[in-house]
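Have a look at the structure below, then the notes.
The values are calculated or read from the model by the stated rules, or taken from the named source; none is laboratory data. Owing to the predicted nature of the structure, the values given are computational and were not obtained by experimental measurement. Here the Cβ positions follow ideal geometry from the backbone for every residue, glycine too, while neighbour counts run over all protein chains shown. Protein only, heavy atoms only, side chains kept; ligands, DNA and RNA dropped before computing areas. Shrake-Rupley method; radii C 1.70, N 1.55, O 1.52, S 1.80 Å.
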Amino acid sequence: MKRIIAAFLASLLVVCTFGCDGGQNSDSPITERKAPLEYGLNAHIYEQRAMDPSSTMDYVVEMTGLLGVTCYRLSTPLDSMFTVGENDTPIFKEGFKQIVHQIIEKMTAVGVTTFAAVSDSSIYPTGYIVTSSGVVPDPAVEKDMYSRWIKLTAKAWGMIAEEFPEIDYIEPINEPDIAGANIFTKQGHQWGLDDGYAYSMPDKAHMIADVLYYIRKEVKEVAPDMQVTTPGFAGRGEGEEVLDLLYEAIESGAHPFLEEYSDTDPDHYFDCINFHAYLGSTTTEDYLEHCDNFYKACERHNDAGKPALLTEWGFTDHDNEAQEIMNGENMTALLEMFDEKMPYFEAVFLYMLTDYYGYSVDTSEDNFGLFTARGDPEKPSCPKPVAISFYKYIHKTEDVSPLYKYCPELMPN
């Protein structure tokens, strides 16, 4: 019976969009900050070697310490962390596990005190061959495989929590709400193709509720103080409604999927809201309104005061000097806004450390760095205006000479 009700409620969710307020006034006051805001960094140590071979682990660690951040978004992709043995048993890949231990040790030594572990990939039950790395088994037509996938994913995160007690936040999935992307797709999807193998946003919300419930259960059994966040939602386009839809899925009584009972308490699914927001071409006022409205889903669904993370924010300059200067100004504006007007954030993680070099996605993705690429022969690891503004704000200083360690000849007089 619970399954029939779930299907009916899922269909209703299609018509209940971001405007649904769950009985709460969306203009209710924002929560108060309970502790000083922490600042963090994204820096892809594994991928960075392809993006810029000169950007070694020691370099990334050194620059993280130099910037003075206390938080680090630690990449723990499940398909890199584990193989899957018989009976759907996750098995650590020993070499990768030791790399993660090494990163945590080195980052701790330079002042990082908070780690958020994130995966942008999945692992699959024994014998389940997927057409793309973002596939999630369909609960409507692959019920047994979906159940096995949930259990396997939850078990893997429980093992990570036990192996790495230094982790503070578990971010199980990266941006599953992006419509048309390669994350959270149906079996049959081919990477990069708009081929129709997509779940609706309400369906995704129901599936996310399922997997979050069991991940949190596994994590809390071995690390009661570790926080499980929602996925790092992109919150763009159709994804603007995804947090409301997640709450509505939980409220529906259709979860958890593997049990005959229902649990409608959001605290049993996630401890912390997690989303991404980039300024882009919008104004800072529009940026604030977007973040506030996204976060206020908590209040719209009787979960006021839930803490939040911003695990991705930052600026691309498109390799354009005028844009670099504007980004530096906007950096200061957003830092002030986080401190003074966004008390729901516990930590904000900048994306990312350096530009790409010797590797290219496009002019936008290639140029999000606080610094030029370490391997750039003309400007090796040279701070952009965003790095200078960030450093001045965090350190409360006008002396930015430490930022020019690798390009002292380019430091202004």
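Some observations on this one:
- Segment 291-387: radius of gyration over Cα atoms, expressed as a fraction of 2.2 N^0.38 Å: 1.30
- Values of log10 I(q)/I(0) for segment 166-257 across q = 0.24, 0.25 Å⁻¹ run -1.22, -1.26, by the Debye formula with one identical scatterer at each alpha carbon and no solvent.
- Set of lysines near Lys155 by C-alpha distance (under 21 Å), chain-local residues within fewer than 8 positions excluded: Lys93, Lys97, Lys143, Lys204, Lys217, Lys220
- Derived scalar couplings between HN and Hα for segment 361-368 equal 9, 6, 5, 6, 4, 6, 10, 8 Hz in order, rounded to whole Hz, by the Karplus curve 6.51 cos²θ - 1.76 cosθ + 1.60 (θ = phi - 60°), x for Gly and Pro.
- Stretched out straight at 0.36 nm per residue, the stretch from Ala35 to Tyr359 would grow longer than its current Cα-Cα span by 112.7 nm.
- Calculated accessible area for segment 270-364 comes out at 38 Å² per residue, all protein chains present (probe 1.4 Å; ligands, DNA, RNA ignored).
- Taking all Cα pairs closer than 8 Å and separated by 6 or more residues, the relative contact order of the chain comes to 19 percent.
- Were the residues from Asn293 through Glu260 laid out at 0.36 nm apart, the gain over their Cα-Cα distance would be 8.5 nm.
- Estimated 222 nm signal from helices in the chain, with DSSP H stretches of n ≥ 4 weighted -39500 (n - 2.57), rounded to 500: -11500 deg cm²/dmol
- Cα centre as origin, Lys/Arg/Asp/Glu Cβ charges: segment 256-342 dipole, Debye: 160
- For segment 84-91, 3J(HN,Hα) computed residue by residue from phi via the Karplus equation (6.51, -1.76, 1.60; θ = phi - 60°) reads 10, x, 4, 6, 6, 9, x, 10 Hz, glycine and proline entered as x.
- Distance between modelled label sites at Asn87 and Glu336, nm, 7 Å Cα→Cβ extension: 6.1
- Kirkwood-based shape ratio for the chain, expressed as Rg/Rh from alpha carbons: 0.96
- C-alpha center-to-center spacing [segment 222-294, segment 177-210] in angstrom: 17
- Within the accessible area of segment 33-396 (1.4 Å probe), percent carbon and sulfur: 49
- Listed by number, the DSSP H helices of the chain that run 24 Å or longer by alpha-carbon position along their axis and have mean Kyte hydropathy of at least -1.0 are 143-163, 201-222, 321-341.
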